[in-house]
Amino acid sequence: MLYSYFPTLTEKFRPWRALLGGQLANGIQLDRRARDCAYGLICAWIAVVSFYDALLVFVFREVIMDFERNPVGRALIELQQGEVTWFLAAKALGTALVISVLLFLYARFEKYSYAVASSVAAFQVCLLGYLSLG
């Protein structure tokens, strides 16, 4: 009802509505390609931040034990006497698992997958801020 009073306001939120299930306030469905693209960008963002995190671990591998907060990561590094190979492999497998689950959710439960993927992407934004700004 509100959109009938503010039609231009509805138009301004059009790109954001793609992340909320692909349906606009007036009931028009977004194009399937637009929804696929939006979801793909969310998944790509998650992968890019994860790659950046792994890159920082590799670059600072000599002093990573001083900075790593993850107890599982610390255990993997200690198990390998300071090497980060297993830790990086675990990070890569974890990221691949998350992206796979998100793609499965999108294929089976598209309506709910946006909420899950957006939550993970928001966490990645916080992680990026923590990694970059300390």
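The values are calculated or read from the model by the stated rules, or taken from the named source; none is laboratory data. Given the structure is predicted, the values throughout are model-derived calculations rather than measurements. FYI the Cβ positions are ideal-geometry reconstructions off the backbone, even for glycines, and counts take in every protein chain you see.
Results for (1) touching a Leu at 6+ places or on another chain (Cβ under 9 Å); (2) without any contact (Cβ under 8 Å) to a residue 24 or more places away in the chain; (3) in a helix (DSSP H, G or I), shown as yes or no for each residue.
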site: Ala92; (1), (2), (3): no, no, yes
site: Ala96; (1), (2), (3): no, yes, yes
site: Tyr112; (1), (2), (3): yes, yes, yes
site: Ala117; (1), (2), (3): yes, no, yes
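Checked against the criterion of being modelled with pLDDT of 55 or more, more than 29 Å from Ala89 (Cα to Cα) and assigned to a helix (DSSP H, G or I), the candidates Ala34, Ala47, Ala18, Ala54 yield just one match: Ala34. Kindly indicate whether any position in the stretch 62-81 is out of contact with any helix residue (DSSP H, G or I) (no Cβ under 6 Å at 6 or more places or on another chain), among the aromatic types (Phe, Trp, Tyr) and under 22 Å from Gln124 (Cα atoms). Yes; the residues of the stretch 62-81 include at least one that is out of contact with any helix residue (DSSP H, G or I) (no Cβ under 6 Å at 6 or more places or on another chain), among the aromatic types (Phe, Trp, Tyr) and under 22 Å from Gln124 (Cα atoms). As for the stretch 76-83, it holds no residue that is of a type in the set (Val, Ile, Thr) and surrounded by fewer than 11 Cβ atoms within 10 Å (Cβ to Cβ). Scanning the stretch 31-82 for residues that are of a type outside the set (A, V, I, L, M, F, W, C) and touching a residue at least 60 places away in the same chain (Cβ under 8 Å) gives Arg35, Tyr39, Ser50, Tyr52, Asp53.
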